[in-house]
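Contents: one structure, followed by commentary.
Computed from the coordinates by the stated procedures, all read-outs in this text should not be read as laboratory data. Since we're looking at a predicted model, the values are computed, not measured. Glycine gets a Cβ as well: all are built from the backbone with ideal geometry, and neighbour counts include every protein chain shown.
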Amino acid sequence: MNWLTNKVLPKFRQLTTKQDTPDNLWVKCPDCGQMLFHNDLQANQNVCAHCDYHLRISPVERFEALFDEAKYDLIELPEVPVDPLKFRDSKRYTERLKDARHKTGDIDAMKVAHGKMNGNAAVIAVQNFDFMGGSLGLAVGEAIVAASKLAILQKAPLILFSAAGGARMQEGILSLMQMPRTTVAIQRLKENRLPFIVVLTDPTTGGVTASYAMLGDIQIAEPGALICFAGPRVIEETIRETLPDGFQRAEFLLEHGMLDMVVHRKDMRETLCRIIDLLGTKLKLPPAVMKNSDKKTVAKPSVAKEESAAASSSKK
Amino acid sequence: MNNFLDFEKPIADLEGKIRELEGLEDGSDIEIKEDIAKLRQKALHQLEQTYAKLTPWQKTQVARHVDRPKLSDITAQLIEEFTPLAGDRAFADDKAIVGGMGRFRGRSVVVIGTEKGKDTESRLRHNFGMARPEGYRKAQRLMRMADHFSLPILTFIDTSGAYPGIGAEERGQAEAIARSIEVSLDVRVPMIASIVGEGGSGGAVALASANRVLMFANAIYSVISPEGCAAILWKTRDKAQEAATAMKVTAQDLLKLKVIDRIVDEPVGGAQRDVPAAINALGDAIEEELTSLVGKEPGELREERRRKFLAIGRLEEG
């Protein structure tokens, strides 16, 4: 049932919503304006073949592109209080939630999965901008807490893809409290010496950038992603100046020392696999997994692995 | 008190009349004296009545009142031998955040807070209490120092938020706030945060991830300003009153949501009417909370603080 609701249903919805209008066969690149054939675009991980513009991509597509053989398990996320403030603006918050759930087929704006990346266990959390702007509220906070717990349990790195307009205003102060809350979750991970890798995607702004999304051991961004605390419009209104070209884009942040690297989507899996490998998570793999990988490996690597496994077990 | 808020107009009128009569009074006219006494009574009553049922939007106005207690008032009254420390050791000294060491009721402490300033000159100098990354990096440095020397940390928050500017973004405003929260949740000394006026968003929580969060009765603490929320969700800033109510920004609401730990009562008519009395009450509350924290093990203080934030807004499960 879980597999049905979490995996099959959203995919099914995506297919149906994408295909029910004929003009969805072609997508116009928001950057260069080229018309892109839907299937080509999908095969290219939603990156424009002409200008390399990175269009948004769903959490499921990310999981499939990142995990070994596109195999992974979604975890069921803990329930959180719904509409704790009984918030209503021009519309009830519960209505907005319902709409977003219908649109995405998801419960809230973050999905968490675990699987293997180049043989190493990994937990990946993906924030979905299509769900109420990816906004950080109780549910996303809880998802990060759960992802951190899972990573600790599996002695695996946590890779988090951020995308959000900021905090979920409809949850008021409780959304603000997710900033310290998620920080605690990340601290627990770090105290277990497990890598926390953040991939900032377009857009990552506000309270999300100002908490977990800037606390990675390694900070990666997708090309062209808007990454900021205060959004460009807020700044323009405050200082009444037009902003420089490329301001707050991934490349700008890289230049200003806020990121380790900007990575093209086609290179993302390889880069992440290499990083978690280099950071040495193999040493921390649970014994059962060790045995499995020993079976199929040959000569040199297996010796190294056995040595390291012996070293880690003798410590205990 | 010359700075009246719009909803205080009846009180302002009464006080105007009192002043008028006082001008007429030459010490001999008993009737005028009686009238003045009556009007004073009436004005006080009106003030009590008005402040007993302030709306969230009115509280927002009170929280932003120009005569609210400032960090400089607090350090002058509560911190002996206050010794400000400057700079983030990387780029600059941000005067929107003032910090240093001193003695609070006999105990050596580290103080960090936002400063809005009192007049045009000092407001500009302190950037209206809106900090840049250097401010949050100075705060981190001072928190680490407090941890190193086992000194309790007292923070005071009155800010509309972190400064939204080009330079601030270039130098990593988001990272500076994120690290400030991280350090707050990492130190192993008692940490007490007090929301004095406005607790504006990430710029406030950067200094308020503490063991105890106290809040003045008319202060506000929110994820975004009511105007900002209205502009986004209602598409017009004119709906700020509705937004203030919907977002639950008052101390009374936040205590119910267990986001804050204690409300500090203000003098009749708000802290701005009697700043020394308000600060004294705040000092008493901080002293009580601090006394309950200082005996605890360093590791316990940190773990308690973390658990407290993990528990906020979670479904009951123990």
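Descriptive notes on the structure:
- The three principal axes of the C-alpha atoms in region A:75-184 carry coordinate ranges of 49, 28, 22 Å, sorted with the longest axis first.
- Seen from B:Asp158, the other residues with C-beta closer than 10 Å to its C-beta sum to a net charge of +2, counting Lys and Arg as +1 and Asp and Glu as -1.
- Note on region B:184-224: Rg/Rh from C-alpha atoms, Kirkwood Rh, equals 0.98.
- Per the Kirkwood formula applied to alpha carbons, the protein assembly as shown shows a radius of gyration over Rh ratio, Rg over Rh, of 1.03.
- Taking the alpha carbon gyration tensor of region B:20-92, multiplying each eigenvalue by 5 and rooting it gives semi-axes of 43, 20, 11 Å, largest first.
- Chain B: most fluctuating residue of B:Gly161, B:Gly129, B:Gly172 per GNM, C-alpha cutoff 10 Å: B:Gly172
- Burial ordering of B:Arg179, B:Arg306, B:Arg144, fewest other beta-carbon atoms within 10 Å first: B:Arg144, B:Arg306, B:Arg179
- For region B:178-278, relative contact order (Cα pairs under 8 Å, six or more residues apart, normalised by length) works out to 24 percent.
- For the peptides B:190-197, B:99-106, residues were scored by their other Cβ atoms within 10 Å and the scores averaged per peptide; the highest-first order is B:190-197, B:99-106.
- Peptide B:161-173, shielding by other chains (average Cβ, 10 Å cutoff): 6
- Translational diffusion coefficient (Stokes-Einstein; Kirkwood radius from C-alpha pairs) of region B:214-306 at 25 °C, 0.890 mPa s, in µm²/s: 160
- Distance from the alpha carbon centroid of region A:220-243 to that of region B:238-277 works out to 32 angstrom.
- Per-peptide average of other Cβ atoms within 10 Å, ordering A:208-215, B:62-69, A:133-140 highest first: A:208-215, A:133-140, B:62-69
- Mean separation of Cα contacts under 8 Å (6+ apart) over length of region B:1-53, as relative contact order %: 44
- Alpha carbon Rg of region A:127-207, scaled by the compact-globule rule 2.2 N^0.38 Å: 1.06
- Whole-angstrom gap from region B:44-116 to region B:174-213, using each part's C-alpha centre: 14
- Helical runs (DSSP H, four residues minimum) scored at -39500 (n - 2.57) apiece and divided by the length of chain B put the mean residue ellipticity at 222 nm at -14500 deg cm²/dmol.
- Shown here for region A:227-258: GluC sites (Glu not before Pro) in loop regions (DSSP other than H, G, I, E, B) with at most 12 other Cβ atoms within 10 Å, namely A:Glu241.
- Region B:134-229 gives an Rg/Rh value of 0.98, both radii derived from C-alpha positions and Rh following Kirkwood.
- Size descriptor, Kirkwood hydrodynamic radius, that averages inverse alpha-carbon separations across region B:36-149, Å: 16.4
- Highest average packing first - B:87-96, B:200-209, B:11-20, Cβ atoms within 10 Å: B:200-209, B:87-96, B:11-20
- Cysteines without a disulfide-compatible partner [the protein assembly as shown; Cβ-Cβ under 4.7 Å]: A:Cys228, A:Cys273, B:Cys229
- Relative to its residue count, region B:211-265 spans a Cα convex hull of 69 Å³ per residue.
- Links that overshoot a 27 Å alpha carbon limit, given the list B:Lys17/B:Lys239; A:Lys71/A:Lys155; A:Lys116/A:Lys149; A:Lys91/B:Lys59: B:Lys17/B:Lys239
- Put in order of Cβ neighbour count within 10 Å, fewest first, the listed residues A:Glu61, B:Glu81 become B:Glu81, A:Glu61.
- Peptide A:200-207 shows a mean partner chain C-beta count of 2 within 10 Å per residue C-beta.
- Averaged over A:67-80, number of beta-carbon atoms from partner chains that fall within 10 Å: 1
- Partner aspartates and glutamates whose Cα lies under 16 Å from the Cα of B:Lys38, excluding those fewer than 8 positions away in the same chain, are identified as B:Asp13, B:Glu15, B:Glu20, B:Glu22, B:Glu25, B:Asp29, B:Glu48.
- Between helix B:173-184 and chain B: long-axis angle, C-alpha atoms, 0 to 90°, nearest 10: 80
- Net charge over other residues, Cβ less than 10 angstrom from the Cβ of B:Phe4 (K, R count +1; D, E count -1): -3
- When the C-alpha to C-alpha distance is required to be over 19 Å, the pairs from B:Lys95/B:Lys116; B:Lys70/B:Lys256; B:Lys53/B:Lys116 that qualify are B:Lys70/B:Lys256; B:Lys53/B:Lys116.
- Inverse mean reciprocal Cα-Cα distance (Kirkwood Rh) of chain B, Å: 20.7
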